[in-house]
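Worksheet for the structure shown next.
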Amino acid sequence: MSVRDELLQRFLDAASRGDEEALSLMLSQSRELLDQRGEQGWSALMLTARNGHYDAARVLLSNGCDTSVTNRSGQTARDVALFWGHRHIARLLTSSPGHHLRQLLPSTDTEEPDIHFNREILDRMSDRRSDGEWLASRRASPETVFLLFHALSPLVRSGAEREEQIKLCKLRSAAVQELLTSSRTLEVFLGVDKQQQQQDDDDDGMVAWFALSTEDDPTQLLKDKDPSSFFLQEAMPGLLRLSDDDAGVVAQARSVLAWHSRYRFCPTCGGDTKVEEAGYKRTCLRAGCRSLQGVHNTCYPRVDPVVIMLVLHPDGKQCMLGRKKIFPPGMFSCLAGFVEPGETLEAAVRREVQEESGVQVGPVQYLSSQAWPMPSCLMIGCHCVAVTTDIKVDQNEIEEARWFTRQQVCRNAALHQCLSNGCSAVNGCRQNESPNS
Ligand SMILES: NC(=O)C1=CN([C@@H]2O[C@H](COP(=O)(O)OP(=O)(O)OC[C@H]3O[C@@H](n4cnc5c(N)ncnc54)[C@H](O)[C@@H]3O)[C@@H](O)[C@H]2O)C=CC1
Ligand SMILES: [Mg+2]
Ligand SMILES: [Mg+2]
Ligand SMILES: [Mg+2]
Ligand SMILES: [Zn+2]
């Protein structure tokens, strides 16, 4: 027997006996012993698992040994532990394969980021939604703010400071009298101004905000109200040109109005419905409808959860971005997809990444969320780490997906900033550069 073989035999014997000290000492002198295999392809880790030596298994794991290798019977160390009834060792080995990948995930103790559509300047005061008297007094108050929508587009005017920025038109009670009494207007109570609320806790001093959606032809309306105002044409990228304060209010209003426009009839029986709770409920008018017995989510505004994820390469230096066919030329983004019924966020992340790019994902970590009112999604932002790296796009939804280095993404972060600030040169920017350029 050669000196090397003899050393390996002593190492494997120490593992079989569970001699942690001997294992540590031998590894400090000769690290390459760690994953070497002896008879029948058994590694030191498999021998600790066979004989139930928990602490010795931990010594090997803390030295970074490979848990995925198999012996000649195709068993991993975890399989061996389970076979011999050492469930605590099997558990130890279950938690460790992804450990080094989990370390690639960024730390989670960061502050909540200030994301477009997320700012809440209003207190929604849901308890007031069924207080008809109070709502009527707010409707009549000269301080109250009314936002006007037509076909889900808000009435806006160009911003004073920056040409590319647009502002919501905040109308007063006198300007909307006719609309308020029209059967072609839908009203949603959005809440009261939080800042004002802090200064003055008297109920009558509260500045309430309402969204009014009109089916009337906007040309006439605009001429009457404010000739410089206009209904925003396209939600994307139009809504990105709003300030953060305005965008947060629009996220709420547009999502609720979009729900009304798509759920006019009772989803349970197809009957007519009436609007209640200041625009936050639709109740079926058909006596005996099942939706009238108990509480049903079909009566309330719906939100669709969507996972949006940055897939990190196991090398920790690259991430994956993809292009949908419908994206403007040169634009890449994180992969995203609807959460399906009966699915966790983690499972949705793994399934969508696999479907769209063919890449398998290991650890998943939630980062932050964003309201996405086109029409009413909740974007759930995650980081995750890939365990395979070959990309094979689905071709239906995704046209191309690639791994990008940190530098490639950073170079384009300025462009992204430009897009989220509603840069007027957005089209030019997006066309001129891609993360790969
Ligand atoms: N990078 C991205 O893809 C971004 C996506 N979003 C939003 O996320 C949403 C979902 O992302 P996708 O990649 O399109 O999802 P996805 O990857 O799940 O594919 C969308 C397809 O799934 C089907 N589908 C399943 N459930 C659906 C539901 N509840 N509503 C509509 N379609 C459903 C439809 O066939 C649809 O064409 C988009 O509609 C978009 O508004 C927002 C920002 C970025
Ligand atoms: Mg998708
Ligand atoms: Mg999907
Ligand atoms: Mg998909
Ligand atoms: Zn019904």
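The values are calculated or read from the model by the stated rules, or taken from the named source; none is laboratory data. Computed from a prediction, not measured in an experiment: that's the story for all the values here. Cβ sites come from the backbone with ideal geometry, for glycine too, and all protein chains shown count toward neighbours.
Descriptive notes on the structure:
- Beta carbons closer than 8 Å, at least 6 apart along the sequence or on distinct chains, pair a first residue in the stretch 1-13 that is in the same structural domain as E32 (by TED's automatic domain parsing) with a second that is surrounded by fewer than 10 Cβ atoms within 10 Å (Cβ to Cβ) for Q9/M1.
- Restricting attention to the stretch 14-51, the residues being in a helix (DSSP H, G or I), at pLDDT 95 or above and either outside the structural domain of A81 (by TED's automatic domain parsing) or hydroxyl-bearing (S, T, Y) (or both) number 2.
- Residues of the stretch 307-324 satisfying the condition of being more than 16 Å from ligand 3 (Cβ to nearest atom) and buried (at least 17 other Cβ atoms within 10 Å of the Cβ): L310, L312, H313, Q318, C319, M320, L321, R323
- Where E397 falls short, out of the listed (1) at pLDDT below 95; (2) away from ligand 1 (no atom under 14 Å from the Cβ): (2)
- Tally of residues being assigned to a strand (DSSP E or B) and either modelled with pLDDT of 95 or more or within 20 Å of R406 (Cα to Cα) (or both) across the stretch 325-362: 6
- Candidates F327, F338, filtered to the one that is within 12 Å of ligand 1 (Cβ to nearest atom) and under 18 Å from Q395 (Cβ atoms): F327
- Check on F327, surrounded by fewer than 17 Cβ atoms within 10 Å (Cβ to Cβ) and either within 16 Å of ligand 5 (Cβ to nearest atom) or more than 13 Å from the chain's Cα centre (by Cα) (or both): yes
- Pick from the stretch 330-368, criterion touching a residue at least 40 places away in the same chain (Cβ under 8 Å), touching a strand residue (DSSP E or B) at 6+ places or on another chain (Cβ under 8 Å) and of a type in the set (G, A, S), ranking: surrounded by the fewest Cβ atoms within 10 Å (Cβ to Cβ): S368
- Unmet criterion (only one of (1) modelled with pLDDT under 90; (2) closer than 11 Å to M331 by Cα) for C418: (2)
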